[in-house]
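Notes follow the structure.
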Amino acid sequence: MDSMPAFVLKRPTSVAEAATLLASDPQARLLAGGTDLVPNMRRGIARPTLLIDLAEVTGLDAVTLAPEGTWIGARVRLAPLAADTSFALAWPAVTEAASSIAGPGHRGAATVGGNLCLDTRCVFYNQSEWWRAANNYCLKLGGDTCHVAPQGARCHAAFSGDLAPALLVLDAEVELVCSRGTRRIALADMYRDDGAAHLTIARDEILTRVLIPAGANARVSGYRKARARAAMDFPLAGVACAVTPGDGGVLRSLRVALTGTNAHPLVLAGTEALVGRAVDDAMLAALGKLVQKQVSPMRTTVTQSNYRRQVAAVLAQRLLRTLAQQASVTTA
């Protein structure tokens, strides 16, 4: 990696001050854990002129209970979130996702908001400046060709954040703040299917909190991922499921979301057709077909695309079977 480019560092103490700074410079970037941004700066991928360090901004590092649900601050670190046993009892998918991210050192610095806003990744993009220059850059940055699909006109870099699918199956919402005001949107609406610009957040908006609504309390959830190494690596495919158990072993609700396979975290469509059925081999086969039809892994990692498609389907099937077994024990 190269040395860091020159930049100005500001440390605001409030969200309002941070929002004003962010709006003041089109090249400004927010800094929380920095586990993805700083390496990208050293690779020449990100060149902010202004870094806004959120370390001293009050009110962003707490998990709080409210009548509408559980609020998670965007600056909550992944390590304490993964170690919170009471949180794990309520939202195991989120805990399992948080504990699976990178390595212990990364989780000690990385934040909830940073993982949700993680940049899309590709083996042709996340390289050194000289490597990318030798390949005439790419469509996502500096070039005019996506090396994953050279005949196309769009970027196929993949979203690889682990927390997003775990929160999506719980119908999570996010709070966004800027100098013009505050808004709350569904987490699913924060993403678009575009590897080059996968977030719908305005350039001057700050993700401040995540809400898990109280209505998701009855769901049994979990998260599983496959990666090249048992630690450190981003997911080749990651799957979250949330189910509401019913009488007789059938499901009253089913939500499935995936990461690592598309340019955005994917909420699986068509799962309502599986509701009201027992989790047996036929039902799991139908789930596997839904996954394989909707994921679209490309040559963005070190493994073949079809392998990741099959892994995603198998992960979903195994996870749903496990959750169904857990639910049957709980309701027995």
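Taking the options ALA226, ALA202, name whichever one is under 19 Å from the mean Cα position of the chain (by Cα) and either of a type in the set (Val, Ile, Thr) or within 19 Å of THR301 (Cβ to Cβ) (or both). First the steps, then the outcome.
On the way: ALA202 fails: either of a type in the set (Val, Ile, Thr) or within 19 Å of THR301 (Cβ to Cβ) (or both).
From the options ALA226, ALA202, the qualifying one is ALA226.
Does the stretch 44-61 include one or more residues that are farther than 18 Å from PRO12 by Cα and touching a residue at least 60 places away in the same chain (Cβ under 8 Å)? Working first, answer last.
Kept after step one, since they are farther than 18 Å from PRO12 by Cα, are these residues of the stretch 44-61: 44-47.
Restricting the remaining residues to those that are touching a residue at least 60 places away in the same chain (Cβ under 8 Å) gives 44-45.
Yes, the stretch 44-61 contains a residue that is farther than 18 Å from PRO12 by Cα and touching a residue at least 60 places away in the same chain (Cβ under 8 Å).
Taking (1) surrounded by 19 or more Cβ atoms within 10 Å (Cβ to Cβ); (2) assigned to a helix (DSSP H, G or I) in turn, ILE72 satisfies each apart from (2).
Name the residues in the stretch 80-122 that are among the polar types (S, T, N, Q) and closer than 21 Å to LEU176 by Cα, would you? Before the answer, list the steps.
To start, the set of residues in the stretch 80-122 that are among the polar types (S, T, N, Q) comprises 85-86, 95, 99-100, 111, 115, 120.
Correct list: THR111, ASN115, THR120.
For the stretch 304-323, the set of residues classified as part of a loop (DSSP other than H, G, I, E, B) and either outside the structural domain of PHE234 (by TED's automatic domain parsing) or under 20 Å from the mean Cα position of the chain (by Cα) (or both) is empty. Against the numbered list (1) in contact with a strand residue (DSSP E or B) (Cβ under 8 Å, 6 or more places away or on another chain); (2) part of a loop (DSSP other than H, G, I, E, B); (3) modelled with pLDDT of 95 or more, LEU211 comes up short only at (2). Among the conditions (1) in a helix (DSSP H, G or I); (2) surrounded by fewer than 21 Cβ atoms within 10 Å (Cβ to Cβ), LEU81 misses just one, which is (2). Of all residues in the stretch 239-257, those satisfying the criterion of being touching a helix residue (DSSP H, G or I) at 6+ places or on another chain (Cβ under 6 Å) and either of a type in the set (Val, Ile, Thr) or at pLDDT 95 or above (or both) are VAL239, ALA240, CYS241, VAL243, LEU254, VAL256, ALA257.
On inspection, LEU284 passes the criterion of being farther than 28 Å from ALA197 by Cβ, of a type in the set (A, V, I, L, M, F, W, C), in the same structural domain as LEU236 (by TED's automatic domain parsing) and in contact with a Lys or Arg (Cβ under 9 Å, 6 or more places away or on another chain). Here ASN262 meets the list (1) loosely packed, with under 14 Cβ neighbours inside 10 Å; (2) part of a loop (DSSP other than H, G, I, E, B) almost entirely, failing just condition (1). Tallying residues that are among the charged types (D, E, K, R) and either out of contact with any Leu (no Cβ under 7 Å at 6 or more places or on another chain) or not assigned by TED's automatic domain parsing to the domain that holds GLY105 (or both) within the stretch 226-236 yields 2.
Taking every residue in the stretch 16-30 that is within 15 Å of THR182 (Cα to Cα) and pairing it with any residue that is modelled with pLDDT under 95 and among the aromatic types (Phe, Trp, Tyr), at least 6 positions away or on another chain, yields no pair with a Cβ-Cβ distance below 7 Å.
Taking ALA102 as the residue in question, decide whether it is assigned to a loop (DSSP other than H, G, I, E, B) and either over 30 Å from ALA16 (Cα atoms) or modelled with pLDDT of 95 or more (or both).
Values: assigned to a loop (DSSP other than H, G, I, E, B): yes; either over 30 Å from ALA16 (Cα atoms) or modelled with pLDDT of 95 or more (or both): yes.
Yes; evaluated as a whole, the condition is true for this residue.
Can you tell me which of VAL295, VAL267 is among the β-branched types (Val, Ile, Thr), surrounded by fewer than 23 Cβ atoms within 10 Å (Cβ to Cβ) and within 17 Å of PRO235 (Cβ to Cβ)? Result of the check over VAL295, VAL267: VAL267. Within the stretch 252-289, the residues that satisfy the criterion of being within 22 Å of GLY161 (Cβ to Cβ), in contact with a strand residue (DSSP E or B) (Cβ under 6 Å, 6 or more places away or on another chain) and polar (S, T, N, Q) are THR259, THR261, THR271.
The values are calculated or read from the model by the stated rules, or taken from the named source; none is laboratory data. From a predicted model like this one, the values you see are computed outputs, not experimental measurements. For neighbour counting, all protein chains shown are included, and Cβ atoms are generated from backbone atoms with ideal geometry for every residue, glycine included.
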